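J.: Below is one structure. I have some questions about it.
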Amino acid sequence: PYLAAHFDVLDQALGQVAATDFHDPPVQNALGVLRVFPKLPARYFNTVLTHALSSKKSFNKPARGLLLEVDGIEQRLLPFLSDSKQDIRSGVAEMLGAVGAESAIGPMQKALGKEKSELVRAALLGALRRLNVDISGYVSPEILIKDAASGLKGKKAKDIGWFPLDTLPALTWASGGAVPA
């Protein structure tokens, strides 16, 4: 009740209004205080979402924790799968996997088909796997070999003749069989 009567302090700490009491708003502390509320106050949803999708891990982890408890968060996160920033797309995929958003499987698969960023592709695949979706079609040996070959195309190997490549052990797939050099 005390905190609900003093939203002005949280508003300043979260940067929603100009801070008069702080030199640097204590965002991390404010995010911790918001956990005391039985439910995230609606006035802080957008601010917490911004922190949850930021690349600053000290803010995004507690902010994501707050959002995971918001009803209908899946539908509010889906539009961010097409955001221009890869950190945001990646964060959204991780959050959708964490909340068990089965309704987001189709949109995540669609986003995966268009995605160029390896970071975001990995986050989407991780989220889909967490939702018990078979991702073998995206990570089969044939696809991985093709991706590796296209990644190496146009690249010039630096002179590493000093490194004894022939002494490295051969790699094998988890399912068995040798990985091509």
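All of the numbers you see were taken from the coordinates with simple rules; none came from a lab. Model, not experiment: these values are computed from the prediction. All Cβ positions, even for glycine, are placed from backbone atoms using ideal geometry, and neighbour counts span all protein chains on display.
J.: Past the 28 Å Cα-Cα mark, which pairs from K56/K116; K39/K114; K61/K146? All intermediate terms of the calculation are to be shown ahead of the outcome.
T.: On the way: K56/K116 23 Å; K39/K114 36 Å; K61/K146 35 Å.
From the list (K56/K116; K39/K114; K61/K146), the Cα-Cα distance tops 28 Å for K39/K114; K61/K146.
J.: While we're here: Quick one: go through the range 61-86 and flag any residue whose amide nitrogen is under 11 Å from the point 7 Å out along the Cα-to-Cβ line of L119.
T.: Inside the label zone: 85-86.
J.: Taking every eigenvalue of the Cα gyration tensor of the range 86-181, multiplying by 5 and rooting it, what semi-axes result, largest first, whole Å?
T.: Working: eigenvalues 203, 54, 28 Å².
Square roots of five times the eigenvalues give 32, 17, 12 Å.
J.: Let me make sure I get this right: for the range 1-59, a, b and c are the square roots of the gyration tensor eigenvalues over alpha carbons, sorted descending. Under 1.5 in a/c it's rounded, otherwise prolate if a/b > b/c, else oblate. Which is it? Display every interim value, and only then the final one.
T.: Numbers: a/c = 1.71, a/b = 1.11, b/c = 1.54.
It comes out oblate by the Cα gyration axes.
J.: Among K57, K153, K110, which one shows the biggest mean-square fluctuation in a GNM of the chain, springs joining Cα atoms closer than 10 Å?
T.: K153
J.: As an exercise, use a Förster radius of 45 Å and the Cβ-Cβ distance of L165 and D83 to find the FRET efficiency, rounded to the nearest 0.05.
T.: Values: r = 41 Å, r/R0 = 0.91.
The calculated FRET efficiency here is 0.65.
J.: Something else now. Rounded to whole Hz and in sequence order, give me ³J(HN,Hα) for the range 77-88 from the Karplus expression 6.51 cos²θ - 1.76 cosθ + 1.60, θ = phi - 60°, writing x for Gly and Pro.
T.: 8, 3, x, 7, 5, 10, 4, 6, 9, 5, 4, 5
J.: Using 13 Å as the cut-off for backbone N distance, which residues of the range 84-110 belong to the label zone defined by a point 7 Å from the Cα of L68 along Cα→Cβ?
T.: Inside the label zone: 94-101.
J.: Okay, next question. Using the Cβ atoms and a cut-off under 14 Å, what net charge is assigned to the surroundings of A127, where Lys and Arg are +1 and Asp and Glu are -1? Can you show the working numbers first?
T.: Working: positive: R64, R89, K110, R121, R129, R130; negative: E74, E94, E102, E115, D134.
Residues near A127 contribute +1 overall.
J.: Still on this structure, please answer the following. Based solely on its DSSP helices, what 222 nm [θ] is calculated for the chain when runs of n ≥ 4 H residues each add -39,500 (n - 2.57) and the sum is averaged over all residues, nearest 500 deg cm²/dmol?
T.: Taking each H run of at least 4 residues, the total per residue is -14500 deg cm²/dmol.
J.: Mind checking Rg over Rh on the chain, alpha carbons, Kirkwood formula for Rh?
T.: Details: Rg = 21.9 Å, Rh = 19.4 Å.
We get a ratio of 1.13 for the chain.
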